Amino acid sequence: MTPTTALRHDRVVDAPTTPVVRLRNLTKSFGGAAALKGVSLDIHPGEVHALMGMNGAGKSTLVHLLSGVHQADGGTIEIGGHDQPGLTTRRARRLGISMVPQRRELVMELTVAENVLLGDLPAPHALVSWKSVRSQAARALFDLGIEIDVERTAGELTVAEQTMVEVAREVRRGGKVLILDEPTACLGAEAAHQIRTLVRTLRDDGVAVIHISHHIDEVLALADRVTVLRDGAVVHSGPAGDLDEAGLVKNMVGRDVVFRRPARPAPKDEVALSIRGLCHGRAVERFSVEVRRGEIVGVLGPAGDAQSRLFDLLSGRRRPDSGELSVDGAAVPLGRIPRSLASGLRCVTGDRRALGLIPELSLDENLMLASDRLARRRLQRWGSLTRRAAPLRRSYQVAALTANPAVGRLSGGNQQKVLLAKWLETSPVACFLEDPTNGVDVAAMADIHTLVDGLAARGVAVLLASSSAEEIMRLADRVVVVRGGRIVAERDITTLTHDELVATALGGQPQ
Ligand SMILES: Nc1ncnc2c1ncn2[C@@H]1O[C@H](COP(=O)(O)OP(=O)(O)OP(=O)(O)O)[C@@H](O)[C@H]1O
Ligand SMILES: [Mg+2]
């Protein structure tokens, strides 16, 4: 250890705090397979403690034990100096543990105000002062610098807004420990910045923040301590300054991960995907773009709003107000899913839980669902299904604890791989990918980038919607920047630096 890191370490060790949470030797198995294999960890007040690790490493499982969602098989949980056997969610909450889970849990039919105060609303038959509910919720949002009308229903909000409402709800409860499980996974730069500012403020107020994220730069900028889990065990825990990016990656993955912008053949001349004047309300306004065979065009903008609407329009789930779509030179009628599919266009949703996968069906069934549907075959018997799914599992490196679990039980990143495998193996002419690496670990991200790159190398036209400028810089040939539903800039990637792209996305002048 170098003298500097030793000094840093001393400072943390000498900090005049006793841990607010002390986890000792926690174990947890699902269906006989170990997700956590004896995890011990201390969380101190006033620290941002990053929990890192690859998809399926056990991060969410660990915070589920601490927040009482699951019960540990073995080990102890101490909160505020007291042992908490058989911890329930209710008790954890009373002890000051708040959590914004990885899977967002707003009640979509209720208003923002009701969601923020959920759990604090009076009993069903009591008199409720809605005016007071609204003003308390508005206050909670205002305190965090969030501008959202509290009378809108949660279902109308963008993913970024939903995340902010959940954060506001948990912060309002004023717990001692705030767990954020991938809060910025699919947020644009602005919302992610808001969350980071909030985390710093809470830390300075003495709250312990457990922050789970796959964004390494974000973790390095924010965290005081970092704990890395691999295969359900702690492989590193220490001050954030002890590890740089490469060291973190190596700890998480067990090897180096290299991101390279691969040399792809130049795109062909033929336009394979043409979108002209697509309009839908205020979410998408006069969106036009052409993508040639073998070309990747990035659509950079905050996840959620314009991007998911583009998914809806291109996949045929919704009919646009106006606009034209053609694939391989043939016009495709809009607003009809079968016509969109028949054209050879594949749209991969960013909302894998609601739209992309059927959580109760098995991993293999989900993998084969698209190809079986396209071939108009009924789902095959087990043996054959598993046999046909096996190569896909291998080439997409889908990892599961048990043989063929329900897809909803897989870790987030593995669900994302299943979703991509399901669509990209059906020989597309063109595809629209919405945030394909949302919530995936660094190694999986590199794998997915290779896959997307391989699609283009095979001559597929790829329209890649992403909230990450890095991702666009790594993959795309051209980029259109979208703000408020409109294209505000279009650039050739080769003439652009990463910083220029970020500046354009954040508020460069429309051109
Ligand atoms: N309810 C469950 N039933 C069965 N297996 C589960 C369940 N919850 C988690 N697992 C398994 O336990 C392992 C750890 O999952 P966990 O969700 O904790 O990973 P993670 O580190 O949060 O990953 P990610 O970064 O993808 O969110 C995974 O292999 C997952 O499939
Ligand atoms: Mg998780």
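The values are calculated or read from the model by the stated rules, or taken from the named source; none is laboratory data. All figures in this text were calculated on a predicted structure; none of them were measured in a lab. Every residue, glycine as well, gets a Cβ built from its backbone with ideal geometry; the counts of neighbours run over all protein chains shown. Please note that ligands, DNA and RNA were not included when accessible areas were found on the heavy atoms of the full protein model with its side chains. Shrake-Rupley method; radii C 1.70, N 1.55, O 1.52, S 1.80 Å.
Data table
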read-out	value
Value of Rg/Rh across segment 391-475 [Cα atoms, Kirkwood radius]	0.96
Inter-probe distance in nm under a simple model that places probes 7 Å from Cα toward Cβ, at E105 and A330	4.8
Dimensions (Å) - segment 271-507, Cα atoms, principal axes, largest first	51, 37, 30
Calculated FRET efficiency for the pair R458/R388, C-beta based, R₀ 22 Å, to 0.05	0.60
Accessible area of segment 271-507 divided out per residue, in Å², using a probe of 1.4 angstrom	40
Whole-Hz couplings from phi, Karplus 6.51/-1.76/1.60, listed for segment 235-241; x for Gly and Pro	9, 7, 8, x, x, 4, x
Partner lysines for K250 [C-alpha distance under 19 Å; skip if fewer than 8 residues away on the same chain]	K59
Gain upon complete extension [S288, T17; 0.36 nm per residue less C-alpha separation]	91.9 nm
Student exercise, the chain dipole from Lys, Arg, Asp, Glu Cβ charges, in Debye to nearest 20	1660
Accessible surface of segment 106-174 [probe 1.4 Å, protein heavy atoms]: carbon and sulfur percent	54
20 Å cut-off, amide nitrogen to a point 7 angstrom out along D83 Cα→Cβ, residues in segment 31-54	38-43
Equivalent ellipsoid dimensions for the chain as semi-axes, Å, which come from the Cα gyration tensor, largest first	38, 27, 24
At 1.567 mPa s and 4 °C, Stokes D of segment 106-174 from Kirkwood alpha-carbon radius, µm² per second	109
Simple spin-label estimate for D205 and R173 in nanometres, 7 Å along Cα-Cβ	1.5
Electrostatic dipole magnitude of segment 107-257 [Cβ: Lys, Arg +1; Asp, Glu -1; Cα centre; debye, to 20]	440
Percent of Cα pairs exceeding the 16 Å cut-off, where the set is segment 23-84	44
Point-charge dipole on Cβ atoms (K/R +1, D/E -1) for segment 221-368, about Cα centre, debye to 20	380
Stretchable slack from F259 to W130, in nm (0.36 nm times residue separation minus alpha-carbon distance)	41.2 nm
Charge dipole (segment 106-174, unit charges on Cβ, about Cα centre) - positive-most of G145, Q162, G119	G119
Extension gain, R276 back to S40 (0.36 nm per residue minus Cα-Cα distance, nm)	79.4 nm
